[in-house]
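The values are calculated or read from the model by the stated rules, or taken from the named source; none is laboratory data. None of these values were measured; they are calculated from a predicted model. In this analysis, Cβ positions are derived from the backbone assuming ideal geometry, glycine residues included, and neighbour counts consider all displayed protein chains.
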Amino acid sequence: MLVASRVRIAMSRDPAVTRHVLSYFVRNPQAVDSLEGVARWRLLDEVVHLRVSETRDALTWLVARGVLQQTEGPGRAPLFSLDPERKDEAARLLEEFSAADGEKLPRSSE
């Protein structure tokens with residue numbers, strides 16, 4: 001019963017952190033570390049893992065829409081770049097995203 005109440009307390013503060021910690025240990029079942037080690041290194045690793053996944057999804061979406069180009073070669077990771085012929089379209093898409101988020105973007109210095 002005490003364990004269950006502690007779980008509820010931990011989950012009620014920030015369920016995302018609890019999920020990140022558990023996710024790290026599930027993906028790395030041999031990991032052993034202190035509280036500070038988990039906070040400093042393990043969670044950082046988990047956040048990077050999440051950000052890489054989110055970034056992969058964004059790049060895939062942008063390549064599929066044709067505003068970014070993906071270049072692949074043997075023995076190297078794919079590289080991404082703006083399609084110069086679709087620069088205006090990319091700028092319009094960025095403006096739409098910004099308007100939806102209520103952000104103002106700095107103008108490029110061209």
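Points to keep in mind about this one:
- Unmet criterion (only one of (1) touching a Leu at 6+ places or on another chain (Cβ under 8 Å); (2) over 30 Å from residue 18 (Cβ atoms)) for residue 64: (1)
- Selection of region 15-69 for residues being in contact with a Lys or Arg (Cβ under 6 Å, 6 or more places away or on another chain) and of a type in the set (A, V, I, L, M, F, W, C) yields only 67.
- Residue satisfying condition, being surrounded by 10 or more Cβ atoms within 10 Å (Cβ to Cβ), not β-branched (Val, Ile, Thr) and not in a helix (DSSP H, G or I), within set 31, 91: 31
- One residue alone among 77, 99 is surrounded by 10 or more Cβ atoms within 10 Å (Cβ to Cβ), out of contact with any Phe, Trp or Tyr (no Cβ under 9 Å at 6 or more places or on another chain), at pLDDT below 95 and among the aliphatic types (A, V, I, L, M), and that residue is 99.
- Considered as a group, the residues in region 34-70 that are outside any helix (DSSP H, G or I) and at pLDDT 95 or above include one that is surrounded by the most Cβ atoms within 10 Å (Cβ to Cβ), and that residue is 68.
- Condition check for residue 92 on (1) in contact with a His (Cβ under 9 Å, 6 or more places away or on another chain); (2) over 19 Å from residue 16 (Cβ atoms): one failure, at (1).
- Of all residues in region 9-28 being surrounded by fewer than 12 Cβ atoms within 10 Å (Cβ to Cβ) and of a type in the set (A, V, I, L, M, F, W, C), the one that is modelled with the highest pLDDT: 26
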